[in-house]
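K.L.:
First the structure, which I've put down as structure tokens, then a few questions once you've had a look.
All of the numbers you see were taken from the coordinates with simple rules; none came from a lab. What you see is a predicted model; the values in this text were computed from it and never measured. Here Cβ is always computed from backbone atoms with ideal geometry, including for glycine, and neighbour counts include all displayed protein chains.
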Amino acid sequence: MSAAQKFVNKIDSGTIHEASDALETGQISSLELCQNLIGRHDDIDGKINGFLSLDTSQILEDANASDARRKNGKQLSRYDGIPIAIKDNLSVKGQTCGCASKILEGFISPYNATVINNLQKNGVICFGRTNMDEFAMGSTTEFSAYKKTSNPWDINRVPGGSSGGSAAVVSSGQALAALGSDTGGSIRQPASFCGVVGLKPTYGRVSRYGLVAFASSLDQIGPITRDVKDAAILLELISGRDELDSTSLPNSDFNHHEVGNDFDVSSLRIGIPKEFLEIDGLSSEVNDAFEKSISVFRSRGCDIVDVKLPSIAYAVSSYYIIATAEASSNLSRFDGIRYGNRIDRTSDLLDIYLDTRENGFGEEVKRRILLGTYVLSSGYYDAYYLRAQKIRTLIRDDFNNAFNNCDLILSPVSPVSAYPFGSVSDPLQMYLSDIYTIPVNLVGNCAISVPASFDGDGMPIGIQLIGNSMDEIRLLQAAHWFEFANEMEKNDEV
Ligand code: GLN
């Protein structure tokens, strides 16, 4: 068997760093890599429905161009020719960017998001657009206006959301890695449901320029990958200060080499918030996975300490006030005039706005616009929006206090593992399941979901590590360590 064939056979579980090594040593070309992923897509995406589109001729053209650069010793980086799948809410010049919404049908991005520029500067190839909940609002990808993405571990179950397409294509071997966005958990929760790694960087670490805004004070772009090392590599590629995003932080460059193998886990203090264990609806299987993860850290000499996050009780309600308020304002630009679809049955401007929005937005998006408009309206602003912002400050104080006593916080990602389609139909019940991920967006810290265990039906369960603001190095080091230690523990059990 040729070296290229060997790597290709590994693609189901291949990573960016393995592919990059194989490209560097000439074991495989970018063309072979992309062709094989496209082949995998053709074989299985009819069942998974992770991609909304895959422009194969553009991908093969980009792969050929990358191979030519490498042949001439002109590769742009170690990652030249690596394909990465892109969530449908990120602008790639010349491609559709629809946020899985009918209102943006046919819209073509006139410019690149900064993260896309950063990837392309390194020769990375944009590999298809992944399905999502419309405008990133949801937890199952069932709110896509186009199709339902299946969980590759059981196609009758949801992949999580809103970046469910990104998680599913990585998990099913159709992409080495993907970009997603996380406003309240949309990278971490689908990663946990699909058995892959999902990183939400610190707010401001990665430029949001060119990400279609859902809730601007909470949104952050991040990687969904097969292992922690790849998450660090992708973070290095996409992070950094950007003049085009006024909230982007100085000194936000990241170097994945800082995430080494020689991490001394015994000096780590891991905080466990007792409030997280008292959450209604926490399944016993997720609880077991969480307890087991604590014992993995403890058994290697790590200090496990109790921390308090008393204001967490109000996190979900504050999030659904702040996020909907910001969404109602951000989505007001979609009026049928400047972007995508327009319904112009009459020439009356107001009718055009109303008809376009009535027909273009799905039910969940409308629910959020209405909620957001309500909490911002005069008379209710003080009662809802202002109070939610005050609670946000209390939650930030809680986290600051907690991080005085620990280095990282460990928690579940979601109270449950992936469930069958349609089984959560009450929006409020779905909102409540974001309890472990939402607080991190409210305070702007970084967090990662790493595969930890499986439930009784064989569905994956992830565990969340939360780091202080800009503490990605420690976060990723501990996650990288956990990935190995947990694997060893599992092997010991067998
Ligand atoms: N599930 C959350 C929501 O529906 C989070 C979404 C996200 O992070 N984009 O708002």
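K.L.:
Quick check: is even one residue across the stretch 268-284 more than 16 Å from the ligand (Cβ to nearest atom), over 30 Å from GLU236 (Cα atoms) and aliphatic (A, V, I, L, M)?
P.N.:
yes
K.L.:
Acidic (Asp, Glu) and in contact with a Pro (Cβ under 9 Å, 6 or more places away or on another chain): is that true of GLU275 in this structure?
P.N.:
The answer is yes for GLU275.
K.L.:
Just to verify a result, which residue in the stretch 80-110, among those that are part of a loop (DSSP other than H, G, I, E, B) and of a type in the set (Gly, Ala, Ser), is farthest from LEU331 (Cα to Cα)?
P.N.:
In this case the residue turns out to be GLY81.
K.L.:
A further question on this structure: Is there a residue being under 18 Å from ASP245 (Cβ atoms) and touching a residue at least 12 places away in the same chain (Cβ under 8 Å) anywhere in the stretch 193-200?
P.N.:
yes
K.L.:
Look through the stretch 309-326, keep the residues that are of a type outside the set (A, V, I, L, M, F, W, C) and more than 20 Å from CYS406 (Cβ to Cβ), and return whichever of them is farthest from the ligand (Cβ to nearest atom).
P.N.:
Among those that are of a type outside the set (A, V, I, L, M, F, W, C) and more than 20 Å from CYS406 (Cβ to Cβ), it is TYR314.
K.L.:
If you go through the stretch 279-323, how many residues are of a type in the set (Asp, Glu) and farther than 25 Å from ALA478 by Cα?
P.N.:
Going through the stretch 279-323 one residue at a time, the tally reaches 1.
K.L.:
Let me ask you something else. Looking only at the stretch 358-368, which residues are under 27 Å from the mean Cα position of the chain (by Cα) and not in a loop (DSSP other than H, G, I, E, B)?
P.N.:
The answer is GLY360, GLU363, GLU364, VAL365, LYS366, ARG367, ARG368.
K.L.:
Look at the stretch 417-446 and say how many of its residues are more than 12 Å from the ligand (Cβ to nearest atom), of a type in the set (Gly, Ala, Ser) and either touching a residue at least 24 places away in the same chain (Cβ under 8 Å) or within 18 Å of ILE221 (Cβ to Cβ) (or both).
P.N.:
Residues flagged as more than 12 Å from the ligand (Cβ to nearest atom), of a type in the set (Gly, Ala, Ser) and either touching a residue at least 24 places away in the same chain (Cβ under 8 Å) or within 18 Å of ILE221 (Cβ to Cβ) (or both) within the stretch 417-446 amount to 4.
K.L.:
Among the residues of the stretch 142-173, write down those that are farther than 17 Å from SER417 by Cβ, hydrophobic (A, V, I, L, M, F, W, C) and touching a strand residue (DSSP E or B) at 6+ places or on another chain (Cβ under 7 Å).
P.N.:
VAL169, VAL170
K.L.:
If I go through the stretch 407-432 residue by residue, how many of them are more than 19 Å from GLY462 (Cα to Cα) and in a loop (DSSP other than H, G, I, E, B)?
P.N.:
Counting residues in the stretch 407-432 that are more than 19 Å from GLY462 (Cα to Cα) and in a loop (DSSP other than H, G, I, E, B) gives 7.
K.L.:
Could you check, for the stretch 111-128, whether at least one of its residues is more than 24 Å from SER20 (Cβ to Cβ) and either not hydrophobic (A, V, I, L, M, F, W, C) or not in a helix (DSSP H, G or I) (or both)?
P.N.:
yes
K.L.:
When the residues of the stretch 456-466 are filtered to those that are in contact with a strand residue (DSSP E or B) (Cβ under 6 Å, 6 or more places away or on another chain) and more than 14 Å from PRO190 (Cα to Cα), which remaining residue is farthest from the ligand (Cβ to nearest atom)?
P.N.:
Filtering the stretch 456-466 for residues that are in contact with a strand residue (DSSP E or B) (Cβ under 6 Å, 6 or more places away or on another chain) and more than 14 Å from PRO190 (Cα to Cα), the one farthest from the ligand (Cβ to nearest atom) comes out as LEU465.
K.L.:
Can you name the helices (runs of 4 or more DSSP H) wholly within the stretch 137-251 that have at least 1 residues being within 16 Å of the ligand (Cβ to nearest atom)?
P.N.:
164-171, 188-194
K.L.:
From the list LEU410, LEU354, LEU376, LEU370, which one is surrounded by fewer than 14 Cβ atoms within 10 Å (Cβ to Cβ), over 17 Å from ASN441 (Cβ atoms) and of a type outside the set (Ser, Thr, Tyr)?
P.N.:
The unique qualifying residue is LEU370.
K.L.:
May I ask you to say which residue of GLY185, GLY271 is over 14 Å from the mean Cα position of the chain (by Cα), crowded, with 21+ Cβ neighbours inside 10 Å and farther than 26 Å from HIS17 by Cβ?
P.N.:
Among GLY185, GLY271, only GLY271 is over 14 Å from the mean Cα position of the chain (by Cα), crowded, with 21+ Cβ neighbours inside 10 Å and farther than 26 Å from HIS17 by Cβ.
K.L.:
Moving on to the next point. For the structure I just gave you, tell me whether GLU326 is among the charged types (D, E, K, R) and touching a residue at least 24 places away in the same chain (Cβ under 8 Å).
P.N.:
Here the answer is yes, as GLU326 does meet what is asked.
K.L.:
Output the number of residues of the stretch 327-353 satisfying the condition of being within 32 Å of the chain's Cα centre (by Cα), in a helix (DSSP H, G or I) and more than 16 Å from the ligand (Cβ to nearest atom).
P.N.:
3
K.L.:
I need every pair where a residue in the stretch 357-377 that is under 15 Å from ALA136 (Cα atoms) and among the basic types (Lys, Arg) has its Cβ under 9 Å from the Cβ of a residue that is more than 14 Å from the ligand (Cβ to nearest atom) and part of a helix (DSSP H, G or I), sequence separation at least 6 or different chains.
P.N.:
Listed by first residue and then by second, the contacts come to LYS366/ARG357; LYS366/GLU358.
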